[in-house]
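Visitor: First the structure, then my questions, so here it is.
The values are calculated or read from the model by the stated rules, or taken from the named source; none is laboratory data. Just so you know, these numbers come straight off a predicted model, no measurement behind them. Every residue, glycine as well, gets a Cβ built from its backbone with ideal geometry; the counts of neighbours run over all protein chains shown.
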Amino acid sequence: MKKPDPGKSILSANDEQARKNLQRLEALHLAAVNVMASPGAGKTSLIVQLLKHLPENLSRGVIEGDVAGSIDTDYIRSLGFPATQINTGGGCHLTASMVEQAITTLGLAGPGLLFIENIGNLICPAAYRLGERIRVLVSSVPEGDDKPRKYPAMFAQVDAIILNKIDLLAHLDFNEHNFQAGVRVVNETAPIFRVSCRTAEGIDTLAEWLRQLTTTRSK
């Protein structure tokens, strides 16, 4: 008799809850965006810029995932946007059941966008769906141009890659051609957006892509 695989069981249960989350969010006319990256790549900075640049007629809210603390949640709330905190207490990724509870706590309704900032990690979050409609990966210039080849599973499973901190390109040894070539080895179709959260360069283009994708998929 084949032994049960606990890992598969956990993922199957998570996937089922993720489907329920997606249905619930669709009913609320919300498109969830799962924002993934390594620590320090600029997930929160990117979300804040998008909150500011998206059209005012769209609802916008954030579920913040951290191992501990609520620094980012407090900051987003201070800007006037709804946000709620998930602390994993050491866990390396969010799960669909965590997000289910956070959706209730946040109480956001659409039409609009719900950003889910995942735990800073380029491995674990790739395997866990949360109920998102869109998955994006933030990679930053200081991390180096080799990340797509070192973490192929993460880069392969996203709808878009955001190259952040392009204002530092002139100051660091980052080969943009190598980065883009590495992305295309594992993901042939995801657009690559070049942005600087410090200067807001490229943010409008990304915000418009999200707006159009949300509108298209909600029809």
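Visitor: Could you check how many residues of the range 197-206 are surrounded by fewer than 20 Cβ atoms within 10 Å (Cβ to Cβ) and among the hydrophobic types (A, V, I, L, M, F, W, C)?
Guide: Within the range 197-206, the first condition is being surrounded by fewer than 20 Cβ atoms within 10 Å (Cβ to Cβ), and the residues that meet it are 198-202, 204-205.
Now narrow it down to the ones that are among the hydrophobic types (A, V, I, L, M, F, W, C): 200.
Qualifying residue count, the range 197-206: 1.
Visitor: While we're on this one: If you check Gly112, Gly144, which single one turns out to be more than 22 Å from Ile63 (Cα to Cα) and touching a helix residue (DSSP H, G or I) at 6+ places or on another chain (Cβ under 9 Å)? Even if it seems obvious, please write down each step before you answer.
Guide: Numbers: Gly112 fails: more than 22 Å from Ile63 (Cα to Cα).
Only one candidate qualifies: Gly144.
Visitor: Which fully enclosed strands (runs of 3 or more DSSP E) of the range 92-185 have 1 or more residues being polar (S, T, N, Q) and crowded, with 20+ Cβ neighbours inside 10 Å?
Guide: Values: elements: 112-117, 134-140, 160-164.
The qualifying strands (runs of 3 or more DSSP E) are 134-140, 160-164.
Visitor: Just to be sure, is Ser38 touching a residue at least 40 places away in the same chain (Cβ under 8 Å), closer than 27 Å to Pro148 by Cβ and either crowded, with 21+ Cβ neighbours inside 10 Å or hydroxyl-bearing (Ser, Thr, Tyr) (or both)?
Guide: Numbers: touching a residue at least 40 places away in the same chain (Cβ under 8 Å): yes; closer than 27 Å to Pro148 by Cβ: yes; either crowded, with 21+ Cβ neighbours inside 10 Å or hydroxyl-bearing (Ser, Thr, Tyr) (or both): yes.
Answer is yes for this residue.
Visitor: Return the total of residues in the range 53-91 being in contact (Cβ under 8 Å) with a residue 40 or more places away in the chain and farther than 24 Å from Asn21 by Cα.
Guide: The number of residues fulfilling the criteria is 2.
Visitor: Sort out which residues of the range 46-91 are part of a strand (DSSP E or B), hydroxyl-bearing (Ser, Thr, Tyr) and within 16 Å of the chain's Cα centre (by Cα), and write them in order of number.
Guide: So in the range 46-91, the residues part of a strand (DSSP E or B) come out as 59-66, 83-87.
So of that shortlist, the ones also hydroxyl-bearing (Ser, Thr, Tyr) come out as 59, 84.
Thr84 - this is the single residue of the range 46-91 that is part of a strand (DSSP E or B), hydroxyl-bearing (Ser, Thr, Tyr) and within 16 Å of the chain's Cα centre (by Cα).
Visitor: Exactly one of these conditions fails for Lys2: (1) touching a helix residue (DSSP H, G or I) at 6+ places or on another chain (Cβ under 9 Å); (2) surrounded by fewer than 14 Cβ atoms within 10 Å (Cβ to Cβ); (3) modelled with pLDDT under 95. Give me its number.
Guide: Lys2 satisfies every listed condition except (1).
Visitor: Only one residue in Ala170, Ala200, Ala153 is among the small types (Gly, Ala, Ser) and closer than 27 Å to Leu25 by Cβ. Which one? Before you say what the answer is, go through the steps one by one.
Guide: Details: Ala170 fails: closer than 27 Å to Leu25 by Cβ; Ala200 fails: closer than 27 Å to Leu25 by Cβ.
Step by step, each of Ala170, Ala200, Ala153 is checked, and only Ala153 is among the small types (Gly, Ala, Ser) and closer than 27 Å to Leu25 by Cβ.
Visitor: State the number of residues belonging to the range 62-80 that are surrounded by 18 or more Cβ atoms within 10 Å (Cβ to Cβ) and either among the polar types (S, T, N, Q) or more than 21 Å from Pro39 (Cα to Cα) (or both).
Guide: 1
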